[in-house]
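The structure under discussion appears below in the form of structure tokens.
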Amino acid sequence: MAAHRRLLLLLLVLTPALSRTVLGVSSGGQTRKTYIFRVDHRAKPSVFLTHTHWYSSAAFASAASADAPVEPLHVYDTVFHGFSASLSASRAEELRRHPAVLASFEDRVRQLHTTRSPQFMGLRARLGLWSLADYGSDVIVGVLDTGVWPERRSLSDRNLSPVPARWRGGCDAGPAFLASSCNKKLVGARFFSQGHAAHYGVEAAASNGSVEYMSPRDADGHGTHTATTAAGSVSYAASMEGYASGVAKGVAPKARVAAYKVCWKGAGCLDSDILAGFDRAVADGVDVISVSIGGGNGAVSPFYIDPIAIGSYGAVSRGVFVATSAGNEGPAPMSVTNLAPWIATVGAGTIDRNFPAEIVLGDGRRMSGVSLYSGKPLANNTMLSLYYPGRSGGLSASLCMENSIDPSLVAGKIVICDRGSSPRVAKGMVVKDAGGAAMVLANGEANGEGLVGDAHVLPACSVGENEGDALKAYAANTTNPTATIVFRGTVIGVKPAPLVASFSARGPNGLVPEILKPDFIAPGVNILAAWTGATGPTGLEADARRTEFNILSGTSMACPHASGAAALLRSAHPGWSPAVIRSALMTTAIVTDNRGGAVADEAEPGRAATPLDYGAGHIALGKALDPGLVYDIGDEDYAAFMCSIGYAANAIEVITHKPVSCPAATSRKPSGSDLNYPSISVVLYGNNQSKTVIRTATNVGAEASATYKARVEMASGGASVAVKPEKLVFSPSVKKQSFAVTVSAASAPSTAAPVHGHLVWSDGRGHDVRSPIVVTWLQPM
């Protein structure tokens, strides 16, 4: 039966829509790649009914001196205007010469950034934001990810009102996915495979060894998890094989979900498909877009050749809030991705729930770790031999890479594996296949003390760098090292929390340091949400277990928390712009933990985190409903920002879809710091030791007449901050007030380390509008 099902899926992959795809080589023998072309849509001759007809016509080709018409993979006409096509380099160069082509860039592969968390953010049943926003009812959250598993209880439409009449989306039928799979909760489901097929070829897609569906159905699990984190319906008696048991619900449990499958199991996400997902989601009428996708390794590109930046701008300019994940390359500095100032970039923090495990050594010592292992435990009080393959087997063996471990050395033993180079759960499978009885996964310097739970296929737990080093020393220096592992289940009320997750990507912004990224952090460690029925909780092909829910960690999990929060705020305040929603989340974020101390960095226990780690702080939805003051930003502001960072007018037009005229140079050179952003990041160059930035605050509080006073809190470090005026007075006729922030320094500090602090506007009535301040010194180029 299993073989028959796999053969059926293989045949279903070879759909007519993909059968025409060329496998990377043109008829002339040249290698083909997928290119994305930005076209001036206003140049379309009236003889063509649609842009699709124009792009694929002989007339379009001849205008570029090309010898044959283009066969578009995707045509974009909402957040972006143009098309993508699989072409040889020479044909792509011909099309670049078309007078209506404004820009082009190669398709790239991007990666996914992979219960209790709503309460941890301050949401309470029948109170506050959940109550006032009716749990997000009638707000539509579009999720660009790996698709969705529609049968899960978290996508039930029980007790939901009819689908909003303004919704224009649909449900794409395909293998294992009927149009009737959608309901009043899952209001839309689409898939975009043309870029994927052009990049990998049909043959590669069909033979990658994984179950996959050429439909919106989720074979990976990531998309189902992120969608239900943002907007999952209430599900009772939820757990991941007994862990995190309770009532599962998304941040906006009554919001509607529209799934856009742009990522494919084991193959990542192609820019051309991502851009098509943005284009369709906005045309369908979503209110919020959640994108847990990025370049990884701190990858940055100018905004005008970054499809996530381009697609999100098109969405934001039409009133759609866009949240993206910051990336999982922390704690390295300058590792944050998704840097455009019109999107919300979300880092990850811990919550007050953990899944502890304990390693008991033969000498009586106990070491703390975490685990989600749910199978048969090790026998009580049974001590097993402890073995570290890195002592004699080299680097591959220390990492427990495939085929690196000698079964005769590990049979029946607890095996220590170093973290890195392969998935954590895959190391457990390697140990199990070699005959090992259990595994301890030890962090190295890159991960420090940051731990996440995994649903291992054998008894296993993870330990931090210090415990790992001690464990390996014990194994090396003891004649007969032994140990056992005890699993402690679920623990609630853990302190301190939140911590900045060790993997959460950090600032400064490597593209535009005047814009602080990430914007804030949200729960992203050990998050319970719905899961696919196509694979086990580890995601490994050999894992035969199936679970309704899974527990995952990553900024991928933090991003949908922000998306769900935005859905609640949009429901409560329909007139708020995407910038105002982000401002409310940022200026009310908290920078203290549940012990009352400063939020700390998980990677370095005892070190207080800074705005370069957490942006504005950890979102607190109990306050975001009523932020007092907000910082709004419009299209003209974003265009002026791009002018200020040196983008040419034609490059800006690739993003904005409309002509832009950058102002002539003046005595005061504009700066990226002048954007009306809720955070303040000032860069001092060389001997320029003073800079002034302007902000404009809008009063959205219940009281039209209000007075706010400024308070600056700066860490010591050689910079002073002055605010003028120090008091803002609002009235029914004066809803906006501007102020100047001047940062001064006698000289750059010897270490040139960034200095940070906060500006807080307080009205004495419960509103404390907090903006992080970061001052960085750079030498001029």
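The values are calculated or read from the model by the stated rules, or taken from the named source; none is laboratory data. Keep in mind it's a predicted model, so treat the numbers as computed, not measured. Glycine also receives a Cβ, built like all others from the backbone with ideal geometry; neighbour counts cover every protein chain displayed. These area figures cover heavy atoms from the full protein model, side chains too; ligands, DNA and RNA do not enter into them. Shrake-Rupley method; radii C 1.70, N 1.55, O 1.52, S 1.80 Å.
Considering the conditions (1) at pLDDT 90 or above; (2) not assigned by the TED database to the domain that holds Tyr200, Gln111 is excluded by exactly one of them, (1). So which residues in the range 278-303 are more than 16 Å from the chain's Cα centre (by Cα) and either in a helix (DSSP H, G or I) or at pLDDT 95 or above (or both)? Correct list: Asp279, Arg280, Ala281, Val282, Ala283, Asp284, Gly285, Val286, Asp287, Phe303. Restrict the check to the range 245-259 and report whether at least one residue is part of a strand (DSSP E or B), in contact with a Phe, Trp or Tyr (Cβ under 9 Å, 6 or more places away or on another chain), open to solvent by 10 Å² or more (accessible area, probe 1.4 Å) and under 25 Å from Glu541 (Cα atoms). Checked against the condition, which is being part of a strand (DSSP E or B), in contact with a Phe, Trp or Tyr (Cβ under 9 Å, 6 or more places away or on another chain), open to solvent by 10 Å² or more (accessible area, probe 1.4 Å) and under 25 Å from Glu541 (Cα atoms), the range 245-259 yields no hits at all. The residues listed here are Val494, Val500; of these, the one that is among the hydrophobic types (A, V, I, L, M, F, W, C), more than 30 Å from Asp637 (Cα to Cα) and surrounded by fewer than 24 Cβ atoms within 10 Å (Cβ to Cβ) is Val494. Listed conditions (1) under 32 Å from the mean Cα position of the chain (by Cα); (2) surrounded by fewer than 24 Cβ atoms within 10 Å (Cβ to Cβ) are all met by Asn480, apart from (1). Could you look through the range 390-438, keep only residues that are in contact with a helix residue (DSSP H, G or I) (Cβ under 8 Å, 6 or more places away or on another chain) and among the acidic types (Asp, Glu), and pick out the one that is nearest to Phe503 (Cα to Cα)? Looking at the filtered set, the residue picked out is Asp418. Scanning the range 692-716 for residues that are of a type in the set (Lys, Arg) and either at positive phi or surrounded by fewer than 19 Cβ atoms within 10 Å (Cβ to Cβ) (or both) yields a count of 2. Number of residues in the range 626-665 that are assigned to a helix (DSSP H, G or I), within 25 Å of the chain's Cα centre (by Cα) and surrounded by fewer than 17 Cβ atoms within 10 Å (Cβ to Cβ): the value is 1. Right, Gly718: closer than 19 Å to Ser771 by Cα and in a loop (DSSP other than H, G, I, E, B) or not? Spelling it out, it is not the case that Gly718 is closer than 19 Å to Ser771 by Cα and in a loop (DSSP other than H, G, I, E, B). Annotation: Ala438 fulfils all but one of (1) touching a Pro at 6+ places or on another chain (Cβ under 8 Å); (2) open to solvent by less than 10 Å² (accessible area, probe 1.4 Å); (3) farther than 24 Å from Gly536 by Cβ; the unmet one is (3).
Given the criteria at pLDDT 90 or above, under 23 Å from Ala566 (Cβ atoms) and surrounded by 18 or more Cβ atoms within 10 Å (Cβ to Cβ), does Arg116 qualify? The answer is no for Arg116. Of the candidates Ser46, Ser65, the single residue that is on the phi > 0 side of the Ramachandran plot and either loosely packed, with under 13 Cβ neighbours inside 10 Å or not in a strand (DSSP E or B) (or both) is Ser65.
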